[in-house]
Structures are given as C-alpha cells and as structure tokens.
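Below is one structure, written out as structure tokens; comments come after it.
The values are calculated or read from the model by the stated rules, or taken from the named source; none is laboratory data. Computed from a predicted model, the values in this text were never measured in an experiment. For neighbour counting, all protein chains shown are included, and Cβ atoms are generated from backbone atoms with ideal geometry for every residue, glycine included. Please note that ligands, DNA and RNA were not included when accessible areas were found on the heavy atoms of the full protein model with its side chains. Shrake-Rupley method; radii C 1.70, N 1.55, O 1.52, S 1.80 Å.
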Amino acid sequence: MLLDTLSQTSGTTSPFDRYFLSAEPESLAAYQEAIALAQQVLLDDVRNHPQPYSGQDPRALEQAIGDRFSDPFFEQNLQQILINVGEKILSSSVRVAEPTCMAHLHCPPLIPALAAEVLVNATNQSMDSWDQSPSATILEQRLVTWLCKIYGYGAQADGVFTSGGTQSNFMGLLLARDRACRDRLGWSVQQQGLPPEARRFRILCSEVAHFTIRQGASLLGLGEQAVVPVKTDAAFRMCPQDAAEKLAELRCQDLWPIALVATAGTTDFGSIDPLEPLAAIAREAGLWFHVDAAFGGALILSDRHRPKLAGIDAADSLTVDFHKLFYQPISCGAFLVRDRAAFELMRVHADYLNPEGNEAQGIPDLVTKSVQTTRRFDALKLWVSLQAVGRQTFGEMIDTTITTAHQAAQAIDAAPDLELVNWPEINAVVFRYAPPALRQDPAARDRLNQINREVRWALLRQGRAVIAQTQIGDRVYLKFTLLNPRTTLAHLTDLLQEIQRLGTTLEISHG
Ligand SMILES: *Cc1c(COP(=O)(O)O)cnc(C)c1O
C-alpha cells in the first residue's frame, strides 16, 4: 500500500498528509470524508430544526453548551467533533434561511454561493498580491469592471472587494479626507498625518445614516463631531434643502465641509435619499459625494426598482454589500470609485509584496486599492451566483421581497392595535404594538416601550421568529427586514396575529 502510494505520487509522503488537501491519496480521502461528515451534520440540523431559533436565552445557552467547549482539545475524532458541534452549536444558531428569521440585514445565502465557498476556502487564494491569486485577481477585477458598468460609471472607474459596508464606508471617508487635504492644503495625510485644519472638516449625512459614518470619522481622526446630521422628510429621506442650509451655516462658522454621504437604503427604514439633487449640491460645493448603497445597491438588478437608484452614477465613491440583498455568505462587499486615480491617495508599497517595479511590468497587485492585506477571494461566490441564478431571477427575488414588505405594511396599517411607521421603499417595515387608546398618551410611553421589547423577546423565546427592535426618539419599535424571497404574506399575518395576542396579554400584566 505504501509502495503504491509512493509510485503514484511525487514519492514523498508525510505524516501530515491527512491534514492538508493535496494529490496524495490519503489526503484526498481525508478531505472527502471530512466534507461529507460536515455536510451530514449540517443537513441533519436543517432537517431537524425547521424553526428560526431554539428559543434558549443567553444563560440557558451557556449551560447547554457546557464546559467541554472550553477545552479545544477535549475530542480528537473528527466525526465526533462535528457531531458535538451540530448538537451544541448548530442547534442554537439562528437559521437565516427560515422565512421568519428577519431581524437584520442578514440574508439566507444562495446555494450556488455555498458551493463556490467550498472552492474559495480550499484554494485559499489571497487577493493582496498577484503571486498569491493570479487568476483570482483577474476574475475579481473583471467583476469590479462589470459592477462599475451596471452602476453607470465610465471607463475611469475602479473598485475592490471588501469585508462589507463598514470597510467600504471607511474607505470612502478616507479618500474624501485625503483628497481635501491634498487639494485644499497641498498636504499628504499619508506622509504628514492630519493637518491642523482637519479639526474644521465636516461630513454631512442624514440623521438616519448608518453609524459607521460616525465610526469612520472617529477612526480617521476627525472625531464624531465632524459628522453633521441632516434632517430627513416623513419618509426618512435626506432633505436636500436642509443639506444646503447646513452647508451655508458651516461656512459661516468657518468650518470646512468635505463630504456629503447619501444612503441608498437606510438600515432601519430602507429609505433612499434623493441622489440626484444631493449629487448636484455636492458638485456645486466641491464635496466628495459618497453613496452608501450597502442595502439598496441590489435594486440595480431589478427592472422595476432600478429607477429608485437614479443619480447613483454621480457618486465619487460607492458602497455595495453582497452579503445583504445579493444573498451571499458573509463576508462579501465592494467599494467602487468613479475615478481610479483616487486610489493614489492610499497606495502603499511593500518590498516583499508589491515592489514598485511590479506595476510597470503589468503585474496587478490589488493590495494597492485596499486597507486589508490578506484578503479572501469573495468575488468568486458572487460570480458563480450571478451566473447560476441569472439576472431575471435575481430581479424577481428582490421584487418579491419588496412586494411582501408592502403587503405586510398594509396588514399592519389595517390592524387596530398596530402602528405602522413607514411605507417601505425597499423591504424593511417598522411598526409597534400600540392600541389607539395608548398611542397618544404620554404617560403610557414607557409601558408601550416595555411591551414591545417583551413581544420581540417572547417571539425569540418561542423560537418562532427573529425580529428586530429599534428606537425612534424615545419610542421602541419592532422591525421586519424582509430579505428572504421565500417569506410570504401568510407567514407575516400569522406572526402579526401573535404579536397582537402577546401585546394584549402583556398590556394586561403591565396594566
Ligand atoms: C449593513 C450596513 C452597513 C455596514 O455594513 P457591514 O457589511 O455590516 O459592515 C453600512 N451601511 C448600511 C446602510 C448598511 O445597511
């Protein structure tokens, strides 16, 4: 047997063969067995737990997982290890593909993407330098070119895959800051750090923009004080009028607006800021215009809803997440820029990775466009998914979720004890349990807040639904984030009835 092996292969077997995927027969067999075991544990879990959650609270779950999981060496047999993981960890995971698992922008992943992940993981290409990802670099670049095109960018555009919206927004603000320093002050932040004038820099975004805009400003040394919230209208969209007024006020105070950030799909309400007028304001004022389309960017695939993104092509930079409405496994996102010259502001060279001569020789090292070094080949799963699902079906999935969100909003609006907050522009619906008698009563505010918190928690404890809670002003609300095209109105009307029943019961016990 050993001799057979030796003659078939390079002639060197190692005691570690069964741990690493290679052409060695022992390695191939070990890989196939391990993957089959993992698949079996997964499918058993999916079959046996058709509920979004097990219902355990954090303390019960700590106990159920038990002490053995504190010792990484308590078990050596892979089959047993995976069975333990299935019993203790998978069994109390949230099941993102269940129709009533709809708290956050947390999507069910597409099956073709799961298949692609197997290849991404096993081949383990790293996107920082070409010599770690030759063909992967080319595929990521092609996909970036395609993305730039569908968002209406011209030939100067470029981009890079990112870990998600947080990183993409950070990069947008980074370029905005560094361009302002270079163009207004002849100052290189890369070389010199922040100029004294940076204390005056201001970034405008709507009051319901994602918190990563404030976080980005803070990490970039501008401080959260640099972020100026602009008012929104009744549909939670930024008011261009107020943006213009804020700009004028800032100038009067000798503060320097450097960027305007619009959101295409706010996290709570799915609202889309009016991109065209905002782009015009930004252009007029010489601001960097960043569009955070982490959530709403997927509408570009829908013939029906694409017009909602009109004006997105005017963005200097753009955030898109694929682990939301593009149904990719975490993590997967992109950062795009209208003019690739902007990446000059953050370019780095490391002699060991991307020596200066590489570019002249036509060797593309994507690290020059990223704040990450080692980076996954996430582009592959999106590439496989786009082809396997097709543009039309992608569009239909998105359309279905938006239609369901509208129907849910109608059902909420028609239910006497529920109060609807927004007519959804995309697929997030915010509402609360609030019988009309208590709705207007300021004295009932805390009680209603408590009831709504407990309704959400009760649904989680029943394992029946995972929904979100959010706050507007001093009021607590519930939220459905309807990413899953398999979620139907019937699922939601059932759930809304249960929410009303729970609310009524809690109202009596809190009365
Ligand atoms: C989700 C989200 C983000 C953050 O993205 P991550 O992928 O979670 O890092 C930023 N902006 C918006 C509008 C989002 O919905």
Response to the item:
For strands (runs of 3 or more DSSP E) lying entirely in region 428-500, having 1 or more residues that are open to solvent by 10 Å² or more (accessible area, probe 1.4 Å) picks out 468-472, 475-481
Worksheet entry | Subset of region 346-365 [out of contact with any Ser or Thr (no Cβ under 6 Å at 6 or more places or on another chain) and either in a loop (DSSP other than H, G, I, E, B) or under 24 Å from residue 385 (Cα atoms) (or both)] | 348, 349, 350, 351, 352, 355, 356, 361, 362, 363
Worksheet entry | Single unsatisfied condition, residue 343 versus (1) part of a loop (DSSP other than H, G, I, E, B); (2) open to solvent by less than 40 Å² (accessible area, probe 1.4 Å); (3) more than 15 Å from the ligand (Cβ to nearest atom); (4) modelled with pLDDT of 95 or more | (1)
Practice prompt. Consider only pairs whose beta carbons are under 7 Å apart and that are at least six residues apart or on different chains; among these, list those whose first residue lies in region 437-449 and is without any contact (Cβ under 8 Å) to a residue 12 or more places away in the chain and whose second residue is of a type in the set (S, T, N, Q) and surrounded by fewer than 16 Cβ atoms within 10 Å (Cβ to Cβ).
Written response: none
Worksheet item: In region 188-221, how many residues are of a type in the set (D, E, K, R) and touching a residue at least 40 places away in the same chain (Cβ under 8 Å)?
Response: 3
Worksheet entry | Counted residues, region 315-327 - those being part of a loop (DSSP other than H, G, I, E, B) and surrounded by 24 or more Cβ atoms within 10 Å (Cβ to Cβ) | 7
Response to the item:
When every residue in region 49-77 that is in contact (Cβ under 8 Å) with a residue 12 or more places away in the chain and part of a helix (DSSP H, G or I) is compared, the one most open to solvent (accessible area, probe 1.4 Å) is 68
Worksheet item: What pairs come up if the first residue lies in region 328-339 and is more than 21 Å from residue 109 (Cβ to Cβ), the second is within 15 Å of the ligand (Cβ to nearest atom) and modelled with pLDDT of 95 or more, and their beta carbons are under 6 Å apart, counting only those six or more places apart or on different chains?
Response: 335/160; 335/162; 335/168; 335/171; 336/318; 337/317
Discussion item. Between 273, 254, which is within 11 Å of the ligand (Cβ to nearest atom) and either within 28 Å of the chain's Cα centre (by Cα) or within 30 Å of residue 197 (Cβ to Cβ) (or both)?
Written reply: 273
Worksheet item: Any residue in region 229-243 that is touching a Lys or Arg at 6+ places or on another chain (Cβ under 9 Å), within 14 Å of the ligand (Cβ to nearest atom), among the aliphatic types (A, V, I, L, M) and within 18 Å of residue 311 (Cα to Cα)?
Response: yes
Worksheet item: Is it fair to say residue 214 is farther than 30 Å from residue 481 by Cα and assigned to a helix (DSSP H, G or I)?
Response: no
Item to complete: Read through the list (1) farther than 30 Å from residue 484 by Cβ; (2) open to solvent by 20 Å² or more (accessible area, probe 1.4 Å), then give the number of the only condition that residue 115 fails.
Response: (1)
Worksheet item: In region 121-138, how many residues are more than 22 Å from residue 350 (Cβ to Cβ) and either buried (at least 20 other Cβ atoms within 10 Å of the Cβ) or touching a strand residue (DSSP E or B) at 6+ places or on another chain (Cβ under 6 Å) (or both)?
Response: 0
Discussion item. Residues to consider are 234, 226; find the one that is closer than 20 Å to residue 194 by Cα, of a type in the set (Gly, Ala, Ser) and free of Cβ contacts under 8 Å to residues at least 40 places away in the same chain.
Written reply: 226
Discussion item. On the basis of being within 23 Å of residue 211 (Cα to Cα) and at pLDDT 95 or above, does residue 430 make the cut?
Written reply: yes
Worksheet item: Out of all the residues in region 180-213, which are of a type in the set (D, E, K, R) and buried (at least 19 other Cβ atoms within 10 Å of the Cβ)?
Response: 202
Worksheet, complete the sentence: Matching residues in region 78-99 (open to solvent by 70 Å² or more (accessible area, probe 1.4 Å) and of a type in the set (Asp, Glu)) number 1
Worksheet item: If residue 498 passes every condition in (1) modelled with pLDDT of 95 or more; (2) farther than 20 Å from residue 410 by Cβ; (3) of a type in the set (Asp, Glu); (4) in contact with a Lys or Arg (Cβ under 9 Å, 6 or more places away or on another chain) but one, which one does it miss?
Response: (2)
Response to the item:
Cβ pairs under 8 Å, 6+ apart or interchain, first in region 118-134 and in the same structural domain as residue 384 (by TED's automatic domain parsing) and farther than 13 Å from residue 372 by Cβ, second modelled with pLDDT under 95 and open to solvent by 50 Å² or more (accessible area, probe 1.4 Å), ordered by first then second residue, are 130/364
Worksheet item: Out of all the residues in region 280-297, which are of a type in the set (Val, Ile, Thr) and more than 16 Å from the ligand (Cβ to nearest atom)?
Response: 281
Discussion item. Quick check on my filter: what residues within region 261-294 are part of a loop (DSSP other than H, G, I, E, B), within 13 Å of residue 204 (Cβ to Cβ) and among the aliphatic types (A, V, I, L, M)?
Written reply: 287
